[in-house]
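*Asks:* Got a structure for you, written out below as structure tokens; questions coming shortly.
The values are calculated or read from the model by the stated rules, or taken from the named source; none is laboratory data. Worth saying up front: this structure is predicted, and the values here are computed from it rather than measured. Quick reminder, even Gly has a Cβ in these numbers, built from the backbone with ideal geometry, and neighbours come from all protein chains shown. To get the accessible areas, we keep the full protein, side chains included, count just its heavy atoms, and leave off ligands, DNA and RNA. Shrake-Rupley method; radii C 1.70, N 1.55, O 1.52, S 1.80 Å.
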Amino acid sequence: MNPTCFVARVLLAVLTLGCAGVVMGADDPRDHFTIGEQAYAGYVVQELSDTIIYKGTPDGPANSKHYRVLKNIEYAGMREDGMWRKGQEARTRGEYEDAAALFDQLAGGQHAWEQVYGAIAEGDCLELAKKYAAAADCFQKVVGLAPFDKDDATVPRPRQWVDACYRLGMALAEANKIPEATKVADGLSTYAQLNGALNSLGAEERANAIRSAMSATQNDSKNLDNYSSKVSFDAAVEPAVWFHYNIYLAGAWNAAQNPSNALNILNHMIAEPELAKHPADQSKVYLLRGLDNMTTDPTAALIDLLRIDILPYSSEDERCIARAAAGSLLLDQAAKIGEASKDERQIAYRKELLRTARLVLSAAADASTHIPEKDKAKALLDGMGPDEDVPAAPNAAPAPGGATSAAPDAPAAPAGGAAAPADAGASAPLKPVDP
């Protein structure tokens, strides 16, 4: 065979069927997904419970590929500078309602992936904004695509259907809509018992997760413990639902006045290698652990809280909360040393604690967000009084004896009343400061 023809055929096979070495570019019009270790590139028509339908070319025939685990799926539209990317960027910045609006526009698109991914992402952002009833309405758009009492062979459903049911039930439980949440949990259990259900184990696990959330809302710690013990999501296989449930559960145990349970969950999350692949989620876990440790282990708390500034994907709200909490801890540590200490090292250490507290509290008080922690930081900052290390401004009140303090960056005026030159090379001195 002519070598050129052979190479051309190989290239055609790569373009049509995909291979593990597929290279993605921003201008690549194809969608990309991985089944097992095999990567594919094509034009995805629909994701179903165990099958992905796609075309090798836009106008080509549809192919179906069965899978056990579908991962790393990325639609060409996700790489464009469109609603998906803009929504993700807004979500990362903590602008959850703005992100929800962008995903709502995406959900109005003509492609199946836009409608499903857009609705779930919109619901996720509204849940982060604590608008649980509105979030439930978004998840219902996907849940409503298939009934609980029909199996996948009878009524095909999107791959994300079971997860959308879980998110719907959790949002309803958070909104204290217990009867509606109960219907979703029981519906998932009904689906799990169908002979043709393709995700029966996952459905029952998600049903118990919803029941644990209902128990938490009803302040029923016994059933919270009972149902949550029946839930064990695999971080490597289903990282999104693993993160969502565990971060929820840690918060639920905190609300139930059981911080030790919450800390155990957060420590296990941080030890999970999968979390390191998602820095924005990692930041949330460190923040919660820092807040939980404030009473029992202030030093460990400070380490977690101050690292929020280092992690690049924390939101403005998260940074404000972390800074306000860290500033409070630093002030507490300075207070334990006290002003009366005669130990020079302790005096210097206290001064450094106060300096750092002032910095982080100032950053929290100047945050662009509007949350209670911003006001708390400002109150703590005001309570510290003026910074003793910063000289008074030129228009400050006269000091005893009529003298006026020099400007912060200017050296002291020499005898005779004239201010010192602004720098050694200045040709003309500054005008005298009027007493």
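*Asks:* Express in nm, to one decimal, how much length is gained between Ala133 and Glu37 on full extension, taking 0.36 nm for each residue of separation and deducting their alpha carbon distance. Don't skip to the end; give the middle numbers.
*Replies:* Working: separation 96, 0.36 × 96 = 34.56 nm, distance 3.94 nm.
The span from Ala133 to Glu37 would gain 30.6 nm if fully extended.
*Asks:* In whole Hz and in residue order, list the ³J(HN,Hα) couplings for the stretch 180-192 that follow from phi through the Karplus curve 6.51 cos²θ - 1.76 cosθ + 1.60, θ = phi - 60°; x for Gly and Pro.
*Replies:* 5, 5, 4, 4, 5, 4, 5, x, 5, 5, 4, 4, 4
*Asks:* Treat every Asp and Glu Cβ in the stretch 123-187 as -1 and every Lys and Arg Cβ as +1, leave all other atoms uncharged, and give the resulting dipole magnitude about the Cα centre to the nearest 20 debye.
*Replies:* 160
*Asks:* Right, next: 7 Å from Cα along Cα→Cβ at both Glu344 and Ala300: what's the point-to-point distance in nm?
*Replies:* With each label placed 7 Å out from Cα toward Cβ, I get 3.6 nm.
*Asks:* With each label point set 7 Å from Cα along the Cα-Cβ vector, what nm distance links Asp50 and Asp81?
*Replies:* 4.4
*Asks:* For Tyr349, Tyr166, give the ranking by accessible area with the largest first, probe 1.4 Å. Let's see the in-between values first.
*Replies:* Working: Tyr349 110, Tyr166 0 Å².
Correct descending sequence by accessible area is Tyr349, Tyr166.
*Asks:* Which lysines have a Cα lying under 19 Å from the Cα of Lys378, excluding residues fewer than 8 positions away in the same chain?
*Replies:* Answer for Lys378, where 19 Å is the Cα cut-off: none of the lysines qualify.
*Asks:* Counting only pairs 8 or more places apart or on different chains, how many lysine pairs in the stretch 175-318 have C-alpha atoms closer than 28 Å?
*Replies:* Here the count comes out as 9.
*Asks:* Going Cα to Cα from Lys55, which lysines come in below 24 Å? Please leave out same-chain ones fewer than 8 positions away.
*Replies:* Filter leaves Lys65, Lys71.
*Asks:* For a test of the definition: using alpha carbon positions, the gyration tensor, and the 1.5 limit on a/c, classify the stretch 276-335 as rounded, prolate or oblate.
*Replies:* Prolate is the answer for the stretch 276-335, as a/c is 1.5 or above and a/b outweighs b/c.
*Asks:* Taking amide H positions as placed 1.01 Å from N in the peptide plane, with prolines and chain starts having none, which residues 5 or more places from Asp31, or on another chain, fall under 5 Å of its amide H?
*Replies:* Placed amide hydrogens put Gly42, Tyr43, Val44, Ala76 under 5 Å from Asp31.
*Asks:* In square nanometres, what is the average projected area of the Cα convex hull of the stretch 53-197?
*Replies:* Mean projected area for the stretch 53-197: 9.5 nm², to one decimal.
*Asks:* Follow-up. Find out how many positive minus negative residues lie around Glu274, taking Lys and Arg as positive, Asp and Glu as negative, among other residues whose Cβ is under 14 Å from that of Glu274.
*Replies:* -2
*Asks:* When ranked by the protection proxy of mean other Cβ atoms within 10 Å per residue, highest first, what sequence do the peptides 375-386, 137-148 form?
*Replies:* Order by mean packing, descending: 137-148, 375-386.
*Asks:* Rounded, prolate or oblate for the stretch 122-224? Axes are the square roots of the Cα gyration tensor eigenvalues, ordered a ≥ b ≥ c, and the cut-off for rounded is a/c under 1.5.
*Replies:* Judged from the Cα gyration tensor, the stretch 122-224 comes out oblate (a/c at least 1.5, b/c at or above a/b).
*Asks:* Something else now. I'd like the accessible area for Thr295: 1.4 Å probe, protein heavy atoms, all chains in place, Å² to the nearest 10.
*Replies:* So the heavy atoms of Thr295 present about 130 Å² to solvent.
*Asks:* Per the Cauchy relation, a quarter of the hull surface: what is the mean projected area of the convex hull of the alpha carbons in the stretch 195-347, in nm²?
*Replies:* Taking a quarter of the hull surface, the average projection is 11.6 nm².
*Asks:* Sticking with this one: If r is the Cβ-Cβ distance from Tyr313 to Thr154 and R0 is 41 Å, what FRET efficiency results, to the nearest 0.05?
*Replies:* 0.45
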